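Asks: Before I ask anything, here is the structure I am working with.
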Amino acid sequence: MKIMYPALFHEEDGEYWVEFPDLPGCQSFGSSKEEIYCNAEEALEAFSLAILEEKNPLPKPSDLRDIVTDLNSFSSYVTADLSAYLNKAKAVKKTLTIPAWLNDAACERGINFSQVLQESLLQKMNFVP
């Protein structure tokens with residue numbers, strides 16, 4: 001499932017930030033146009049998946065021509081492909097055991113255990129470099 005939404009890119013003091021008018025709260029930041037566009041794709045993907053996981057419909061995208069910009073802004077469509085995630089969206093609960101000191105240290109640092117486990121498993125199975 002591919003999606004496409006208009007985005008409003010802003011430049012302030014040599015830095016960029018992006019917002020999606022149809023998805024309030026979906027924003028990202030970057031230090032170059034290339035970086036902000038990549039970050040915009042990631043933000044659109046993650047935000048859209050969160051909406052779908054809550055079993056809510058995605059809002060209808062606005063027409064790009066309806067997006068008003070100023071001199072420090074520009075608009076563009078941003079796309080995301082949700083197919084890979086939607087086909088594997090079901091999560092399973094796993095129980096694991098780690099030393100108490102390691103748990104305490106990770107909690108103090110705000111580490112997301114599920115994310116670390118997923119990233120480690122993907123790396124261990126050579127799905128990511």
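Asks: Given the conditions (1) farther than 17 Å from residue 2 by Cβ; (2) part of a helix (DSSP H, G or I); (3) open to solvent by 70 Å² or more (accessible area, probe 1.4 Å), report the number of the one that residue 71 does not fulfil.
Replies: (2)
Asks: Give me the residue from region 1-48 that is in a loop (DSSP other than H, G, I, E, B) and farther than 16 Å from residue 67 by Cβ and, out of that set, modelled with the highest pLDDT.
Replies: Taking region 1-48 as the starting set, the residues that turn out to be in a loop (DSSP other than H, G, I, E, B) are 1, 13-14, 20-26, 31-32.
Narrowing the set further to residues that are farther than 16 Å from residue 67 by Cβ leaves 1, 13-14, 25, 31-32.
Details: 1: 77, 13: 90, 14: 88, 25: 95, 31: 92, 32: 90.
Looking at residues that are in a loop (DSSP other than H, G, I, E, B) and farther than 16 Å from residue 67 by Cβ, I get 25.
Asks: While we're here: If residue 83 satisfies every condition in (1) at pLDDT 85 or above; (2) of a type in the set (Gly, Ala, Ser); (3) under 19 Å from residue 40 (Cα atoms) but one, which is the exception?
Replies: Of (1) at pLDDT 85 or above; (2) of a type in the set (Gly, Ala, Ser); (3) under 19 Å from residue 40 (Cα atoms), only one is false for residue 83: (1).
Asks: Going through region 32-53 one residue at a time, which ones are touching a Ser or Thr at 6+ places or on another chain (Cβ under 8 Å) and among the acidic types (Asp, Glu)?
Replies: Passing the criteria: 41, 42.
Asks: Would you check which residues across region 28-68 are within 13 Å of the chain's Cα centre (by Cα), within 23 Å of residue 14 (Cα to Cα) and either open to solvent by less than 50 Å² (accessible area, probe 1.4 Å) or polar (S, T, N, Q) (or both) and list them?
Replies: Within region 28-68, 28, 36, 39, 40, 43, 44 meet the criteria.
The values are calculated or read from the model by the stated rules, or taken from the named source; none is laboratory data. Because the structure is a prediction, the values reported are computed rather than measured. Methodologically, a virtual Cβ is constructed for each residue, glycine included, from the backbone with ideal geometry; neighbour enumeration extends over all protein chains shown. For the accessible areas, the whole protein counts, side chains as well, though only heavy atoms, and no ligand, DNA or RNA atoms are used. Shrake-Rupley method; radii C 1.70, N 1.55, O 1.52, S 1.80 Å.
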